1. Can you work out which of the residues in region 100-128 that are over 15 Å from the mean Cα position of the chain (by Cα), part of a strand (DSSP E or B) and of a type outside the set (A, V, I, L, M, F, W, C) is surrounded by the fewest Cβ atoms within 10 Å (Cβ to Cβ)?
2. Restricting attention to region 11-25, which residues are assigned to a helix (DSSP H, G or I), touching a helix residue (DSSP H, G or I) at 6+ places or on another chain (Cβ under 8 Å) and buried (at least 16 other Cβ atoms within 10 Å of the Cβ)?
3. For region 55-64, does any single residue satisfy the condition of being of a type in the set (Val, Ile, Thr) and at pLDDT 85 or above?
4. Do we have any residue at all in region 29-44 that's open to solvent by less than 60 Å² (accessible area, probe 1.4 Å), farther than 22 Å from Ser89 by Cα, within 18 Å of the chain's Cα centre (by Cα) and free of Cβ contacts under 8 Å to residues at least 60 places away in the same chain?
5. Counting only residues that are at negative phi and outside any helix (DSSP H, G or I), how many does region 61-99 have?
Amino acid sequence: MSIAPEQVEAPATDAVLFRSSPIRTFIAVFLLLMVSFAAVSPIMALAVGGTGNPWWQSFLQAGVISVVAAGAYAWSTRGSLKTWVRISSGGLELAAQDSDPILLAWPDIETVVVRRSGLRSVLEVTPVDLDRVHPVDDEGPGGPAMTETSDGPAFTADLSEVWPGPRALKRALAQHMPTKAV
């Protein structure tokens, strides 16, 4: 089990926490399913000549199905993976998809990129040197997943479920790394 951000002392008092939210995921999936129903059901009713049921009954059925499906996804294995990013004057802390958290001081970061990958937002943090990465807990399975970028190996995190959101994270990153954040 990964370490929660509350279990780790922030490197500075001005820390801002970004964390995954199963409630936000539930709401997003629920709304997506309800909007899909609202777009498709009139077309299907016309195609089959109507269902004979009042509109509110079909809407209620769609609501129940959407609640069950959104709840199943939000608390499934994929939806329950915890990701958090904490930004402060002391550096950037990252724990992605239930990994152990790492800490990188701002001078130890080569680049930070928040980019779109399909429907997802992804954070890539490229350290100057992997030896300058500070694990918060040495006993766990290790830090976040890594990928190879043009700047070298980078830690990655899926920001799709992170609240307050990727745009707010980009603004916070730009305050500490205006020339290195993209």
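The values are calculated or read from the model by the stated rules, or taken from the named source; none is laboratory data. Source: prediction; values computed, not measured. Positions of Cβ are generated from backbone atoms using ideal geometry, with glycine treated the same way; all protein chains shown enter the neighbour counts. The accessibility values were calculated without ligands, DNA or RNA, using every heavy atom of the protein model including side chains. Shrake-Rupley method; radii C 1.70, N 1.55, O 1.52, S 1.80 Å.
1. In this case the residue turns out to be Glu110.
2. Step one: filter region 11-25 for residues assigned to a helix (DSSP H, G or I), giving 22-25.
Next cut, touching a helix residue (DSSP H, G or I) at 6+ places or on another chain (Cβ under 8 Å) only: 22-23, 25.
Once the filter is applied, which keeps residues that are assigned to a helix (DSSP H, G or I), touching a helix residue (DSSP H, G or I) at 6+ places or on another chain (Cβ under 8 Å) and buried (at least 16 other Cβ atoms within 10 Å of the Cβ), region 11-25 yields Pro22, Thr25.
3. Within region 55-64, one or more residues are of a type in the set (Val, Ile, Thr) and at pLDDT 85 or above.
4. Yes, that holds for at least one residue.
5. Residues of region 61-99 that are at negative phi, as a first pass: 61-90, 92-96, 99.
Pick out the ones that are also outside any helix (DSSP H, G or I) and you get 75-90, 92-96, 99.
Result for region 61-99: 22.
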